[in-house]
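The values are calculated or read from the model by the stated rules, or taken from the named source; none is laboratory data. Here the structure is a predicted model, which is why all the values come from computation and not from measurement. Cβ placement follows ideal geometry from the backbone for every residue including glycine, while neighbour counts extend to all protein chains displayed. When the accessible area is computed, the model is the full protein with side chains, heavy atoms only, and any ligands, DNA or RNA have been set aside. Shrake-Rupley method; radii C 1.70, N 1.55, O 1.52, S 1.80 Å.
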Amino acid sequence: QVQLVESGGGLVQAGGSLRLSCAASGRTFSMYAMGWFRQAPGKEREFVAAINWNGGSTDYTDSVKGRFTISRDNAKNTVYLQMNSLKPEDTAVYHCAANADLGLLLHRSRYRYWGQGAQVTVSS
């Protein structure tokens with residue numbers, strides 16, 4: 001069983017930055033693929049970014065490429081999402097996700113464990 005807890009959300013003006021963190025329980029974090037997803041009101045949860053077990057592979061949805069960076073620190077059991085040049089359309093609840101897999105997982109159906117989410121609001 002893995003528990004995930006997000007932090008770092010908040011309210012920011014357009015063009016600003018935030019860094020989300022996701023702390024994971026368990027001793028095998030380094031064997032887990034991790035991802036970030038977001039869900040805006042009235043919309044489906046969508047993929048944002050993913051990272052493989054050692055951080056050697058990452059992927060992003062097109063709308064955040066060049067602005068967001070996913071990274072992980074296996075010694076701290078934590079995955080991060082650095083969000084720069086934020087836009088109002090980035091407003092959503094951001095969830096981190098995990099699954100015991102050494103690859104790169106891009107679809108929400110591939111993830112078994114989910115955090116409760118962190119609200120990110122970008123004002124114009």
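Rounded to the nearest 20 debye, the dipole magnitude of the chain is 160 debye, with +1 charges on Lys and Arg beta carbons, -1 on Asp and Glu beta carbons, and the Cα centre as origin.
Dividing the mean sequence gap of close Cα pairs (under 8 Å, 6+ apart) by how many residues the chain holds gives a relative contact order of 36 percent. Among the lysines, select those whose C-alpha is under 18 Å from the C-alpha of Lys87, and discard any that sit fewer than 8 residues away in the same chain. Partners within reach: Lys43, Lys65.
Here the accessible area of the range 3-66 is 46 percent carbon and sulfur, with a 1.4 angstrom probe and all protein chains present.
Taken per residue, the accessible surface of the chain reaches 52 Å², heavy atoms only and a 1.4 Å probe.
Shown are Arg112, Arg19, whose ranking by accessible area with a 1.4 Å probe and every protein chain present, most to least, is Arg112, Arg19. Given q = 0.22, 0.25, 0.28, 0.31 Å⁻¹, what are the Debye log10 I(q)/I(0) values for the range 72-121, with equal point scatterers placed on the Cα positions and solvent ignored? Taking Cα atoms of the range 72-121 as identical point scatterers yields -1.02, -1.16, -1.22, -1.25.
Summed over all non-identical Cα pairs, the Kirkwood treatment of the chain gives a radius of 14.1 Å.
When the alpha carbon gyration tensor of the range 11-56 is reduced to an equivalent ellipsoid, its three semi-axes come out at 25, 15, 11 angstrom, largest first.
Provide the gained length on full extension for the span Arg110 to Arg27, in nm with one decimal, where the gain is 0.36 nm per separating residue minus the Cα-Cα distance.
Extra length available between Arg110 and Arg27 comes to 27.8 nm.
Once the Cβ-Cβ distance of Thr121 and Ala75 is raised to the sixth power relative to R0 = 35 Å, the FRET efficiency obtained is 0.65.
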